[in-house]
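Every number here is computed from the coordinates shown, using simple stated rules; none is lab data. For clarity, every value in this text was computed on a predicted model and none was experimentally measured. Cβ placement follows ideal geometry from the backbone for every residue including glycine, while neighbour counts extend to all protein chains displayed.
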Amino acid sequence: MFLDDVRLHTWTGGVPGTLAELEARYVRQAEGRSPDGGQGWLNWLVRRRGDGRLVGTVQATLRHVPGGGAEAALAWVTGVAYQGEGYAREGAGAMAEWLRAAGWGPLAAYIHPGHTGSMAVARGLGLVPSTTTVDGEVRWVDHG
């Protein structure tokens, strides 16, 4: 399993979860919403077409924003061995397309300013960096 690779935490901090921690997280995520109901969660697996091997995940956190409207914040994780092969772009692109068709927007992503790979994925989704930084990550948003 690629999710136990410490290198995946280079930009996000922390360390890989234990098996028990991951199981508890997945049980929570499978609910599809935060315990208080304030956020909805989409969690998709990214698999290779040829053999079905799990290579990554794509997530969206859906929430209503103050003053009206809604936001879908996208995130993606690709196993280190599979990075640079377009899996994040394709997976996040499919989720972005689905969200836009469902009327969710604007789309956003929160990216560490040194993570050039994720910046490239965000650009491919039509996102541009804003002047907002949250927990050291730049908020990228739809430019339309």
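Quote the Stokes-Einstein diffusion coefficient, in whole µm² s⁻¹, for the range 17-144, based on the Kirkwood radius over alpha carbon pairs, a temperature of 37 °C and a viscosity of 0.692 mPa s. Result for D is 213 µm²/s.
Extension gain for the segment Tyr26 to Arg53, taken as residue separation times 0.36 nm less the Cα-Cα distance, is 7.8 nm to one decimal. What the Cβ-Cβ distance of Thr18 and Gln39 gives, at R0 = 25 Å and to the nearest 0.05, is a FRET efficiency of 0.55.
As a calculated quantity, the FRET efficiency between His9 and Ala101 at R0 = 30 Å, using C-beta atoms, amounts to about 0.40. Scanning residues 5 or more positions from Val138 or on other chains, those with amide H under 5 Å from its amide H are Ile111, His112, with H placed 1.01 Å from N in the peptide plane. Rounded to the nearest 500, the 222 nm mean residue ellipticity of the chain from helices alone is -8000 deg cm²/dmol, with -39,500 (n - 2.57) taken per DSSP H run of at least 4 residues. Longest stretch of the chain clear of exposed loop sites (GluC sites (Glu not before Pro), DSSP loop, at most 14 other Cβ atoms within 10 Å, sites excluded): 86-144.
Over every Cα atom in the range 36-92, the radius of gyration and the widest Cα-Cα span, Dmax, amount to 14.1, 46 Å. If you take the beta carbon distance between Glu85 and His115 as r and set R0 to 22 Å, what does 1/(1 + (r/R0)^6) give as a FRET efficiency, to the nearest 0.05? Working from the Cβ atoms, E equals 0.85. Exposed loop sites are taken as trypsin sites (Lys or Arg not before Pro) in a DSSP loop (any state but H, G, I, E or B) with at most 13 other beta carbon atoms within 10 Å; the longest stretch of the chain without one runs 54-144. Between amide H atoms placed 1.01 Å from N, distances below 5 Å from Gln39 occur with Ser34, all of them 5 or more places distant or on a separate chain.
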